[in-house]
1. Restricting the stretch 83-118 to residues that are in a loop (DSSP other than H, G, I, E, B) and in contact with a helix residue (DSSP H, G or I) (Cβ under 6 Å, 6 or more places away or on another chain), which is most open to solvent (accessible area, probe 1.4 Å)?
2. Answer yes or no: is there a residue in the stretch 100-118 that is among the aromatic types (Phe, Trp, Tyr) and touching a Gly at 6+ places or on another chain (Cβ under 8 Å).
3. Output yes when any residue across the stretch 66-84 is more than 19 Å from Val41 (Cβ to Cβ) and of a type in the set (S, T, N, Q), and no when none is.
4. Output the residues belonging to the stretch 37-82 that are assigned to a helix (DSSP H, G or I), of a type outside the set (Phe, Trp, Tyr) and modelled with pLDDT under 95.
Amino acid sequence: MSEMLDYKSRLSEPESRRFETFSYLPAMSTKQIKQQVEYIVKKGWNPAIEHTEPEYLMDNYWYMWKLPMFGETDVARILAEAEACHKANPKNHVRLIGYDNFAQSQGASMVIYRGKTV
């Protein structure tokens, strides 16, 4: 069995904060982000993009970037919206969400662009 590592994430230390499972991994490449979008589309989920300032990442409220893209299946268009959100809010975290209509929940949610910590 491998050794368990202690990730010292503290609210008092913004650079140490962890906000999702993927945040313990290196930032996703463009190819990996595209694969996540393809997965969301393949599952038939509705993609949406949200963003927030790094100091508020632990809050429940994130800003919605436009409306969810109901029925959107064009991966390039979804990626373009995510990039547009990132360019408009370069210091913010940007996350991609896949809403599952049948389960009435989020099927996927991941930060695809990380903002700069304070």
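1. At the first step, the residues of the stretch 83-118 found to be in a loop (DSSP other than H, G, I, E, B) are 89-92, 101-104, 114-118.
Then drop every residue that is not in contact with a helix residue (DSSP H, G or I) (Cβ under 6 Å, 6 or more places away or on another chain), which leaves 115, 117-118.
On the way: Gly115: 11, Thr117: 68, Val118: 125 Å².
Filtering first and then ranking leaves Val118.
2. First, pick out the residues of the stretch 100-118 that are among the aromatic types (Phe, Trp, Tyr): 102, 113.
Still in the list and also touching a Gly at 6+ places or on another chain (Cβ under 8 Å): none.
No, the stretch 100-118 has no match at all.
3. To start, the set of residues in the stretch 66-84 that are more than 19 Å from Val41 (Cβ to Cβ) comprises none.
No, there is no match, as no residue in the stretch 66-84 is more than 19 Å from Val41 (Cβ to Cβ) and of a type in the set (S, T, N, Q).
4. Initial filter on the stretch 37-82 (assigned to a helix (DSSP H, G or I)): 37-43, 54-56, 75-82.
Still in the running and of a type outside the set (Phe, Trp, Tyr): 37-38, 40-43, 54-55, 75-82.
Matches in the stretch 37-82: Pro54, Glu55.
The values are calculated or read from the model by the stated rules, or taken from the named source; none is laboratory data. It should be emphasised that the depicted structure is a prediction, and the values quoted were computed from it without experimental measurement. Note: ideal-geometry Cβ built from the backbone for every residue, glycine included; neighbour counts use all protein chains shown. SASA here: full protein model, heavy atoms, side chains in, ligands and nucleic acids out. Shrake-Rupley method; radii C 1.70, N 1.55, O 1.52, S 1.80 Å.
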